[in-house]
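Asks: Dropping a structure here in structure tokens format, bear with me for questions.
The values are calculated or read from the model by the stated rules, or taken from the named source; none is laboratory data. The structure presented is a predicted model; accordingly, all values stated were derived computationally and were not measured. With ideal geometry, Cβ positions are generated from the backbone for all residues, glycine too; neighbour counts draw on all protein chains shown.
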There are 2 protein chains.
Amino acid sequence: MNKTMEPVEAGTRESLMDAAESLFAERGIQAASLRAITERAAANLAAVHYHFGSKQGLVRAVFSRRLAPLNAERLRLLEAAGESVEEVLQAFLEPALAMSRDAFHGAFGRLLGRAFMEPDDEIREILIEQFSEVFHRFTAALVRLLPELPEAEILWRFHFVAGTLGHTVACGHLIERFSDGRCSMGGAEGAADHLVTFLAAGLRAPAPISRPR
Amino acid sequence: MNKTMEPVEAGTRESLMDAAESLFAERGIQAASLRAITERAAANLAAVHYHFGSKQGLVRAVFSRRLAPLNAERLRLLEAAGESVEEVLQAFLEPALAMSRDAFHGAFGRLLGRAFMEPDDEIREILIEQFSEVFHRFTAALVRLLPELPEAEILWRFHFVAGTLGHTVACGHLIERFSDGRCSMGGAEGAADHLVTFLAAGLRAPAPISRPR
DNA sequence: AGATGATTCAAACGTTCGTTTCAATCGGAC
DNA sequence: GTCCGATTGAAACGAACGTTTGAATCATCT
């Protein structure tokens, strides 16, 4: 057992999670082999099973390590937010965009954006568990701020907000390809203002008249 | 060589693409093995390499088969669209949502939404090639309809539109999980009106004042 | 019927994967 | 120094993968 609670040295466990995080983001979870991960972490192949039990356990640890602080920060900012849709949006978007900007945590931004699309059942369960409180607290705040909208409409729109954020942090590079460099903002650097403006207007839109189909 | 240009029977080639499409959507491209695909298609394992050369060739064929008609329909609807942001949006969204609603083509909807996040280089190149004209034509139409916005802002917002659509067709099931069934609209069934309202308001928002960071 | 090219089939190849095993090594406690 | 649990190391396992091969089968034309 490690006597010191705060390890100062590298730490095989953390090195493995760092290497896995970056390789998951680069190649996808399935395509990132334990051999590539342990090589990047300068660790032994068997270390994964010693510390995490299995590859699935490593995946779980990689997501849990960052999702808990990320969503805690969101809830903290929501508490401090005022009564405007923009401030609530900022509280939801900024922690994820900050991760995406950070060179070190940037890999997890791309990984998280991709995670919602993962076919893997357990990853989906992890996300649903970790995001459940955030989803309920933020939609509740929006219901209070937008009393003229039916609750179902709020749920749809928050779903859109999350999707736009995920697409931005995971595929921010695509906009540069499509725009032939006319949008030279690297990744999610300048995306925050664009996102807030766009999404706040969408959230404030009057309820749609549901057309017969 | 097949003498009749229109085969009436099943057709191994098409069966393989159908099976691959559904399995790619269910498990992801990497996780869908050729053995599972050929089994579902009731074909031999070697048939993939005979008809497509490799698994990568099958992936290419699966995407190209649907993307070309999808984007052609989008351009056709854009030609017929009037001068409102809503009609341009409809032209972009509806063909994809129709695919997502269709029980048979529904699998490709989920697959396409996930495709933008794929780490695979060639898939990204296929998407960029297939979407390049759609992207330019639709952004050009929006630039004309929203002259008060800088072009870079339009590009960002169309990027958001595409992301929201992709997230909706690929992760429409998530909203049911998070909302505890309060949004009972199955998949992308009733999403069209919500999407158009939300996105049109976002597109029409005044340009953001870029804050110093 | 026989020939010919297109297609299907079963079987195997070599590689890579996650996982397991067990011995070697390390770091404090006594 | 000695012991002991925690950690690391090298090597191998069985399974699953994409791919290849060569013969068998099928459809079509002369």
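Asks: List every residue pair whose Cβ atoms sit under 6 Å apart, with the two residues 6 or more apart in sequence or on different chains, where the first one lies in segment B:108-131 and is on the phi > 0 side of the Ramachandran plot and the second, anywhere, is assigned to a helix (DSSP H, G or I).
Replies: As it stands, the answer is none, since no pair meets every condition given.
Asks: Criterion first (surrounded by 15 or more Cβ atoms within 10 Å (Cβ to Cβ), out of contact with any Lys or Arg (no Cβ under 6 Å at 6 or more places or on another chain), within 7 Å of another protein chain (Cβ to nearest Cβ) and not in a loop (DSSP other than H, G, I, E, B)) does B:G163 satisfy it?
Replies: It is true that B:G163 is surrounded by 15 or more Cβ atoms within 10 Å (Cβ to Cβ), out of contact with any Lys or Arg (no Cβ under 6 Å at 6 or more places or on another chain), within 7 Å of another protein chain (Cβ to nearest Cβ) and not in a loop (DSSP other than H, G, I, E, B).
Asks: Something else about it: Here are some residues: B:F63, B:F104, B:F92, B:F108. Which one is in a loop (DSSP other than H, G, I, E, B), away from DNA strand C (no atom under 12 Å from the Cβ) and among the aromatic types (F, W, Y)?
Replies: B:F104
Asks: Within segment A:66-86, track down each residue that is of a type in the set (D, E, K, R), assigned to a helix (DSSP H, G or I) and either within 16 Å of DNA strand D (Cβ to nearest atom) or away from chain B (no Cβ under 14 Å) (or both).
Replies: Within segment A:66-86, A:R66, A:E73, A:R74, A:R76, A:E79 qualify.
Asks: Identify the residue in segment B:22-40 that is within 15 Å of DNA strand C (Cβ to nearest atom) and of a type in the set (S, T, Y) and, among all such residues, is nearest to the other protein chains (Cβ to nearest Cβ).
Replies: Applying the filter and picking the extreme gives B:S33.
Asks: Right, another one. From the residues in segment B:8-31 that are small (G, A, S), without any contact (Cβ under 8 Å) to a residue 60 or more places away in the chain and farther than 14 Å from B:F52 by Cβ, which one is surrounded by the most Cβ atoms within 10 Å (Cβ to Cβ)?
Replies: It comes out as B:A31.
Asks: Which of (1) away from DNA strand C (no atom under 16 Å from the Cβ); (2) in contact (Cβ under 8 Å) with a residue 24 or more places away in the chain; (3) more than 20 Å from the chain's Cα centre (by Cα) does A:G82 not meet, given it meets every other one?
Replies: Evaluating A:G82 over (1) away from DNA strand C (no atom under 16 Å from the Cβ); (2) in contact (Cβ under 8 Å) with a residue 24 or more places away in the chain; (3) more than 20 Å from the chain's Cα centre (by Cα) leaves (2) as the failure.
Asks: Still on this structure, please answer the following. Limited to segment B:166-213, what total is found for residues that are at pLDDT 95 or above, facing another protein chain (nearest Cβ under 7 Å) and part of a loop (DSSP other than H, G, I, E, B)?
Replies: The number of residues fulfilling the criteria is 1.
Asks: Further question: Here are the criteria: (1) surrounded by fewer than 16 Cβ atoms within 10 Å (Cβ to Cβ); (2) part of a helix (DSSP H, G or I); (3) away from chain A (no Cβ under 14 Å); (4) more than 8 Å from DNA strand D (Cβ to nearest atom). Tell me which single one B:H51 does not satisfy.
Replies: (1)
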